[in-house]
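A quick write-up on the structure given underneath.
Values quoted throughout were computed directly from the atomic coordinates according to the rules given, and no laboratory measurement underlies them. Keep in mind it's a predicted model, so treat the numbers as computed, not measured.
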Amino acid sequence: GGGGGGGAASSAADGAAEAVKAVRAKLHTQYAHEAEFLQTVDEVLASLGAVLAQRPEFVPLLEKFFVPERIIVFRVPWTDDAGAWRTNTGYRVQFSSAIGPYKGGLRFHPTVTLSVLKFLACEQVLKNSLTTLPAAAR
């Protein structure tokens, strides 16, 4: 008999899909308060589904990929025109130096959060990787 499908290949793809779901669930639990960053996680995992089904050995790298190498959080105290003291929080997320030096800058606008910066840095790593720009992100 002929029939059937990929057998071992199908089983490996199913195993990879389950492993990706587990990574997604873990990241959603760990970063539940970072909606913007989790949006990137979900988009990347959805985009990589077919590749990971064919190359399940890459699944263990996913969790590492979504953890920045370094996050710097700092305060910038200043006085406004009325003489009142203000403090802004600044962020620099350095996601990956795997393909070159970090690229990007500092952000300290009152509406910017760590989640937004992780979202931007992760997207920048992917953009630079796909365009072969020899720089990492933020």
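Which entries of 21/127; 64/118; 21/118; 21/103; 26/103 have Cα-Cα distances beyond 19 Å here?
Working: 21/127 24 Å; 64/118 14 Å; 21/118 21 Å; 21/103 30 Å; 26/103 28 Å.
Checking Cα-Cα distances, 21/127; 21/118; 21/103; 26/103 exceed 19 Å.
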Rounded to whole Å, give me the distance from the Cα center of region 97-116 to that of region 14-77.
18
Matching label, Rg/Rh (Cα atoms, Kirkwood Rh) computed from the structure shown, candidates [x] 1.02; [y] 1.14; [z] 0.99
[y]
Given a 10 angstrom Cα cut-off, can you work out which residue in 79, 89, 113 is the most mobile in a GNM of the chain?
79
Select from the chain the helices, each a whole stretch of DSSP H, whose alpha-carbon atoms run 30 Å or more along the helix axis and whose Kyte-Doolittle mean is at least -0.5; answer none if there are none.
8-30
What number, rounded to the nearest 500 deg cm²/dmol, is the helix-based mean residue ellipticity at 222 nm of the chain, given -39500 (n - 2.57) per DSSP H run of at least four residues and division by all its residues?
-16000 deg cm²/dmol
Under a Gaussian network model of the chain whose springs join Cα atoms within less than 10 Å, the largest fluctuation of 75, 24, 92 belongs to 75
How long is the gain from residue 42 to residue 61 if the chain were fully straight, where each residue apart is worth 0.36 nm and the alpha carbon distance is subtracted?
5.3 nm
